[in-house]
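The values are calculated or read from the model by the stated rules, or taken from the named source; none is laboratory data. If you're wondering where the values come from, they're calculated on a predicted model, not measured in any experiment. Using ideal geometry, Cβ is built from the backbone for each residue, glycine included, and neighbour counts are taken over all protein chains shown. Just the protein is used for accessible areas: all its heavy atoms, side chains included, with ligands, DNA and RNA removed. Shrake-Rupley method; radii C 1.70, N 1.55, O 1.52, S 1.80 Å.
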Amino acid sequence: MSTVVDDAASAEFHAFFERHHAELARLAHLLTGEPDAADDLAADALLALWHRWDRVRAAEHPVAYARGVVANLARTRIRSAIRERRRVALFWSGRQDRTDGPDVPAVVDVQDALRELPFRKRACVVLRHAFDLSEKDTALALGISVGTVKSQTSKGMAELERRLGHEKVNGQAPQRVRAVGAALDATEGGRR
């Protein structure tokens, strides 16, 4: 038997879910580079939020809390994938079938360049430029200081510029990262 409070909390959570699921899935996609995992990570994050909904809805920034949960789940997924790749690499270490990356730097896609960044730099760049969050909101979502957000974003953008190679990105990298976020928003990875 449900109470009025339970129904109100349920309705509030449902509204939160409807408003933020697509954004959280897009964030998961950009952080992991795995479009198939994006909805699962967003759903897992929202399930975790539901279990702590009383605490989450009382928080000053529930969306920042949700982004932090997605970031933590993405970090865990990436670490797990790295461990699995290492196990596979050890198993197949006798094989020398390696392929080189693309010859033409122009082919290097922003998503591939983002995937190469260490997680914290990637998260800062994605939240600051693809999601247009302030430094403060990014710090809240990731549980780090504003100074760390500034330095990690700056270093991440410098690495992106180096990775994107031939195109002098000077000032264009943030727009390219935003464009990737917008493209995902219009595709499966960012379903609304």
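Label-to-label distance, Ser145 versus Asp36, with points set 7 angstrom from Cα along the beta-carbon direction: 4.2 nm. Look at the dipole of the stretch 1-67 built from charges on Cβ: of His29, Leu46, Pro62, the Cα furthest out on the positive end belongs to Pro62. What the Cα atoms of the stretch 35-76 give is an Rg and a Dmax of 10.3, 32 Å. Fully extending the segment from Thr76 to Ser10, taken as 0.36 nm per residue of separation minus the present Cα-Cα distance, adds 20.9 nm.
Counting heavy atoms of the protein chains alone, His51 has an accessible area of about 140 Å² for a 1.4 Å probe. For the pair Arg115 and Arg162 in one chain, pulling the backbone fully straight at 0.36 nm per residue adds 15.5 nm over the alpha carbon distance. Asp40 contributes about 100 Å² of solvent-accessible surface, heavy atoms of the protein only, 1.4 Å probe. Report P(r) for the stretch 6-83: all Cα-Cα distances, bin width 5 Å, range 0 to the bin holding the largest distance, values in whole percent. Spelled out bin by bin, the stretch 6-83 gives 3, 17, 28, 23, 14, 9, 4, 1, 0 percent.
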